[in-house]
1. Residue under question is residue 404, and the condition is that it be part of a loop (DSSP other than H, G, I, E, B) and more than 31 Å from the chain's Cα centre (by Cα); does it hold?
2. Only one residue in 389, 451 is under 21 Å from residue 321 (Cα atoms) and either in the same structural domain as residue 276 (by TED's automatic domain parsing) or surrounded by 12 or more Cβ atoms within 10 Å (Cβ to Cβ) (or both), so which one is that?
3. Out of (1) away from the ligand (no atom under 16 Å from the Cβ); (2) free of Cβ contacts under 8 Å to residues at least 60 places away in the same chain, what's the single condition that is false for residue 101?
4. Tally up the residues in region 1-52 that are surrounded by fewer than 14 Cβ atoms within 10 Å (Cβ to Cβ) and among the small types (Gly, Ala, Ser), please.
5. Return only the number of the condition from (1) under 17 Å from the mean Cα position of the chain (by Cα); (2) more than 20 Å from residue 316 (Cα to Cα); (3) in the same structural domain as residue 367 (by TED's automatic domain parsing) that residue 279 does not satisfy.
6. Contact list please: Cβ distance under 9 Å, first residue in region 87-98 and under 10 Å from residue 128 (Cβ atoms) and touching a residue at least 12 places away in the same chain (Cβ under 8 Å), second residue of a type in the set (Phe, Trp, Tyr) and part of a loop (DSSP other than H, G, I, E, B), pairs at least six apart or on different chains.
7. Have a look at 210, 234 and point out the one that is within 30 Å of residue 3 (Cβ to Cβ), in a loop (DSSP other than H, G, I, E, B) and either of a type in the set (Asp, Glu) or outside the structural domain of residue 318 (by TED's automatic domain parsing) (or both).
8. So which of 262, 218, 270 is of a type in the set (Phe, Trp, Tyr), part of a strand (DSSP E or B) and at negative phi?
Amino acid sequence: MLDTGSFEEFDMFVQHRCDDFGMEKSKVPGDGVITGWGTVNGRTVCVFAKDFTVFGGSLSEAHAQKMVKIQELALRVRAPIVGLFDAGGARIQEGVAALGGYGEVFKRNVIASGVVPQISVIMGPCAGGDVYSPAMTDFIFMVRGSSYMFVTGPEVVKTVTNETVTSEELGGAQVHITKSSVADGAFENDVECLLQIRRLLDFLPSNNRDGVPMWPSFDDPARIDYSLDTIVPDNPNKPYDMKELILKVVDESDFFEIQANFARNIVTGFGRIEGRTVGIVANQPMVLAGVLDADASRKAARFVRFCDAFEIPIVTFVDVPGFLPGTAQEYGGLIKHGAKLLFAFTQATVPLVTVITRKAFGGAYDVMSSKHIGTDVNYAWPSAQIAVMGAKGAVEIIFRQDMDDPEKIAKRTEEYEQRFLSPFVAAERGYIDEVIMPHATRHRVARALAMLRTKKLEQPPKKHDNLPL
Ligand code: HXC
């Protein structure tokens, strides 16, 4: 994963100090974890890698001290920390000494949260502390077919619940990228996974103070793309692929998607504009018409908070028909999960640029980085429709008394469409700063971000907020 020849190992002679259960006879230098630091494309990264061949990579007191040393080094030099996990949690033979060791690691995970990026890569079977420590980090990636994450493995599950499951069914990559959303992505094999972690690191700032890295870009920020003028279909009920739009806007079509397989009705990930990282949040009309549901809100909220913590500007593309109605959503806490996204965008102090491409209906209009909650630059395409709801639904409610007169209803629907289903009512009030042509989107977004580089905004001092969890 590191640049060739850049790895410097720490503590390779450390051994465990346990004499119980015959452990005094099995001391292994390094004690199941390799720690140190190196570089990725020249930038410092602190690393630890669990060695499953030594007591299943399990964590002893000494093993924990090695991890803590690297966590503290990462904090001191303000460099990202990457953990490669392949381990069975606290070392059973050491009892509370191992549990205490994990406690020390968890504490550093929390102290480092929001200070340096923490990335966990799951590369084998992982249980106990070796899933809980990753859970406290910013990103978790897995390898398909060879990595598993569970609090307790299939054998314990069988004993306690009488449920028979395989490791794959209980905690394989597919489960965690599509169902639980514990993992942010999965790759085909170890090599591909490590190469992608290098790619991700290239997008991330080293810490919360230094700002985003800048890489040479050969893509003209003023590049015009006329194909964007026809990407939105005339029929408002027809979908189009928001990812195509994103790829056309970012530098060299390079987009690193986060949680690509979970809540696919919203797209989150990193791209670059003028060589500098931006976080992208975008409704995806191809999946559930881009509606906001509990999962999509939670996914995007976490992403927005990561970007804000690490000073990564956010560009939001909006095409959202509203929040998803229904008992499943309400019982699942849609109100609270939707509030997370509203909270996250409202709280963000990084540069925020929004482009409404088509629908921005109801509460979802407010939530999706609208002017009202603090977004700096709000653009809309001429195809934008900003309203409380679509014309049909609106007329059915406000002209209910005319429902048996189809002619009247058709006229009312047309009136509503003309009045609200355009960006101009919002633009008249200054809620949209400008209606822009789709082909100029990259150019306009790049200019807005360049202007916003000097943005300074501070929220009133507080201990911390009370995000609706
Ligand atoms: C000591 C361990 C170990 C552990 C595995 N080994 N986990 N030794 N402590 N926690 C050893 C095994 O004894 C075995 O040794 C070798 O590692 C390989 O393990 P296998 O079981 O043969 O491998 P596999 O079938 O691939 O299963 C991997 C596994 C399983 C799923 C990780 O080993 C497992 O369930 N381990 C226990 C997990 C667990 O309950 N950990 C404690 C969690 S408490 P030999 O000598 O036979 O090769 C915890 C506290 C954190 O972590 C607090 C959280 C909030």
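1. Values: part of a loop (DSSP other than H, G, I, E, B): yes; more than 31 Å from the chain's Cα centre (by Cα): yes.
Taking the combined requirement at face value, the residue satisfies it.
2. Numbers: 451 fails: under 21 Å from residue 321 (Cα atoms).
Of the residues listed, the single one that is under 21 Å from residue 321 (Cα atoms) and either in the same structural domain as residue 276 (by TED's automatic domain parsing) or surrounded by 12 or more Cβ atoms within 10 Å (Cβ to Cβ) (or both) is 389.
3. (1)
4. 4
5. (2)
6. 87/52; 88/52
7. Working: 234 fails: within 30 Å of residue 3 (Cβ to Cβ).
So the residue among 210, 234 that is within 30 Å of residue 3 (Cβ to Cβ), in a loop (DSSP other than H, G, I, E, B) and either of a type in the set (Asp, Glu) or outside the structural domain of residue 318 (by TED's automatic domain parsing) (or both) is 210.
8. Details: 262 fails: part of a strand (DSSP E or B); 218 fails: part of a strand (DSSP E or B).
None of the other options fit; the residue is 270.
The values are calculated or read from the model by the stated rules, or taken from the named source; none is laboratory data. Computed from a predicted model, the values in this text were never measured in an experiment. So basically every Cβ, Gly included, is an ideal-geometry build from the backbone, and we count neighbours across all protein chains shown.
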